[in-house]
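Here's the structure we're looking at; comments come further down.
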2 protein chains.
Amino acid sequence: MADSAKPVSRREGRKEAAVAADETQAVQLGELSDLLGYVLKRAQLKVFEDFLHCVAPLQLTPAQFSVLLLLDANPGRNQTEIANTLGILRPNFVSLLDSLESRDLCTRVRSANDRRSHILMLTEKGHAVLARAKKLVVSKHEARLNELLGPDGREALLAMLTKIAEEF
Amino acid sequence: MADSAKPVSRREGRKEAAVAADETQAVQLGELSDLLGYVLKRAQLKVFEDFLHCVAPLQLTPAQFSVLLLLDANPGRNQTEIANTLGILRPNFVSLLDSLESRDLCTRVRSANDRRSHILMLTEKGHAVLARAKKLVVSKHEARLNELLGPDGREALLAMLTKIAEEF
DNA sequence: CCGTGTTTGATATAGTGGATAACAATTATC
DNA sequence: GATAATTGTTATCCACTATATCAAACACGG
């Protein structure tokens, strides 16, 4: 999100005329601040933005990180299984994998059982990058969330979001 | 999200061979289920999907609904102010407004003070549609969230998300 | 009043994510 | 062995996001 897209809190530098009191009056959010979907999306953008910033030295997006995590936890799976688990459509998963493979973070190996499918595995470098990424995520990203919400707050939030994601 | 994109819970109809026990073993989410950003995004998609479904009779997207809400709460504002408040870039706000205006839900009026800017206002039809949309959102969408989380759970969730959106 | 700079809405354009159709290769099924 | 289904892939489309640029209108200092 560009600077000019930052919401609400942007005090436009113009019109110093409205000296003390008025200050051009901020736009009222009104019932929008009670719309869960609205706040949810706003929070999600903020969290992704921070994730990107924290993992910037490793050049990993949230989606790429989630793929590496899944490959680590599920060796020997094919593209369809990993893509489905992440809610990514197979066609769109191809270029994502291309990118990871071109950076030598994972490899596609033709399966011996079913020569149609590609078995996915992390490379050595993939394991190393994932390990460093995890450290950054825990020590910087999630740590900041813990600081803001408290450990129990974070747990409660995670539980409610999981409930929505699974049961809603 | 298409059917084929539905995460995890998709038991592929193939291979009845794995009769009772094995069942091809589900892919393990692993540490992904503790990643707040991941669950946050998943929950957000679910909530938007439900919103879209609940307001389908009025053909309003979350973004369009939020614009109508803001125009109602802030009559007499121009495009830049409304767009900034919603975190929408001015260029992208133009077509959004075009769509609403072509449906006679709002109007652009040249300001008398500053003939560069367009004052935005809801039309009569806009007010009516917004009123009906609000009813649908409250009675169907938010009601379902209340049912899932409980009134206090929903409040707590809203509070934490707002905190993230504003202070993170 | 004039000229410089800024703001507003708008256009064009590019990048990204998500979605569908179709295809060759391979496998499953009957 | 013929037909159907699956896997990875390509092409393509749509929505959303982002940047640069423009004309019109305004602000302001000289």
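Output the residue which, of all residues in region A:92-102 that are of a type outside the set (D, E, K, R) and farther than 23 Å from B:GLN44 by Cα, is farthest from DNA strand C (Cβ to nearest atom).
At the first step, the residues of region A:92-102 found to be of a type outside the set (D, E, K, R) are A:92-97, A:99-100, A:102.
Right, trim to farther than 23 Å from B:GLN44 by Cα and you get A:94-95, A:97, A:99-100, A:102.
On the way: A:VAL94: 9, A:SER95: 8, A:LEU97: 12, A:SER99: 9, A:LEU100: 13, A:SER102: 14 Å.
Only one residue tops the list, namely A:SER102.
So A:VAL129 passes all but one of these: (1) in contact (Cβ under 8 Å) with a residue 24 or more places away in the chain; (2) within 9 Å of DNA strand D (Cβ to nearest atom); (3) crowded, with 21+ Cβ neighbours inside 10 Å. Which condition number does it fail?
(2)
Any chance you could count how many residues in region A:31-48 are open to solvent by 40 Å² or more (accessible area, probe 1.4 Å) and closer than 13 Å to B:LEU36 by Cα? Give the steps one after another, and end with the answer.
The first filter runs over region A:31-48 and keeps only residues open to solvent by 40 Å² or more (accessible area, probe 1.4 Å), leaving A:31, A:33-34, A:41, A:45-46, A:48.
Okay, now just the ones that are also closer than 13 Å to B:LEU36 by Cα, so A:45-46, A:48.
Of the residues in region A:31-48, 3 are open to solvent by 40 Å² or more (accessible area, probe 1.4 Å) and closer than 13 Å to B:LEU36 by Cα.
Could you check region B:49-61 and list, in sequence order, the residues that are facing chain A (nearest Cβ under 7 Å) and crowded, with 20+ Cβ neighbours inside 10 Å?
Initial filter on region B:49-61 (facing chain A (nearest Cβ under 7 Å)): B:50-51.
B:PHE51 - this is the single residue of region B:49-61 that is facing chain A (nearest Cβ under 7 Å) and crowded, with 20+ Cβ neighbours inside 10 Å.
Give all pairs with beta carbons closer than 8 Å in which a residue from region A:99-112 that is more than 14 Å from A:LEU68 (Cβ to Cβ) meets a residue that is open to solvent by 70 Å² or more (accessible area, probe 1.4 Å) and more than 10 Å from DNA strand D (Cβ to nearest atom); count only pairs at least 6 apart in sequence or on separate chains.
A:VAL109/A:MET121
Test A:LYS134 against the stated conditions and say whether it is charged (D, E, K, R), under 21 Å from B:LYS41 (Cα atoms) and more than 16 Å from DNA strand C (Cβ to nearest atom).
On the way: charged (D, E, K, R): yes; under 21 Å from B:LYS41 (Cα atoms): yes; more than 16 Å from DNA strand C (Cβ to nearest atom): yes.
Yes.
Cβ-Cβ below 6 Å, separation at least six or inter-chain, first residue in region B:155-168 and at pLDDT below 95, second crowded, with 16+ Cβ neighbours inside 10 Å: which pairs?
Every condition considered, the pairs that remain are B:PHE168/A:LYS46.
Anything in region A:40-98 that is of a type in the set (S, T, N, Q), in a helix (DSSP H, G or I) and more than 10 Å from DNA strand D (Cβ to nearest atom)? List them, or say none.
First, pick out the residues of region A:40-98 that are of a type in the set (S, T, N, Q): A:44, A:59, A:61, A:64, A:66, A:74, A:78-80, A:84-85, A:92, A:95.
Restricting the remaining residues to those that are in a helix (DSSP H, G or I) gives A:44, A:64, A:66, A:79-80, A:84-85, A:92, A:95.
Of everything in region A:40-98, those that are of a type in the set (S, T, N, Q), in a helix (DSSP H, G or I) and more than 10 Å from DNA strand D (Cβ to nearest atom) turn out to be A:GLN44, A:GLN64, A:SER66, A:THR85.
Evaluate the following for B:ASN84: is it facing chain A (nearest Cβ under 7 Å) and closer than 21 Å to A:ALA43 by Cα? I'd like the intermediate steps shown before the answer.
Details: facing chain A (nearest Cβ under 7 Å): yes; closer than 21 Å to A:ALA43 by Cα: yes.
Yes; evaluated as a whole, the condition is true for this residue.
The values are calculated or read from the model by the stated rules, or taken from the named source; none is laboratory data. Since the structure is predicted, the reported quantities are computational estimates derived from the model, not experimental observations. Don't worry about glycine lacking a Cβ; one is built from the backbone with ideal geometry, like all the others, and counts go over all protein chains shown. Keep in mind that these areas ignore ligands, DNA and RNA; they rest on the heavy atoms of the full protein, side chains included. Shrake-Rupley method; radii C 1.70, N 1.55, O 1.52, S 1.80 Å.
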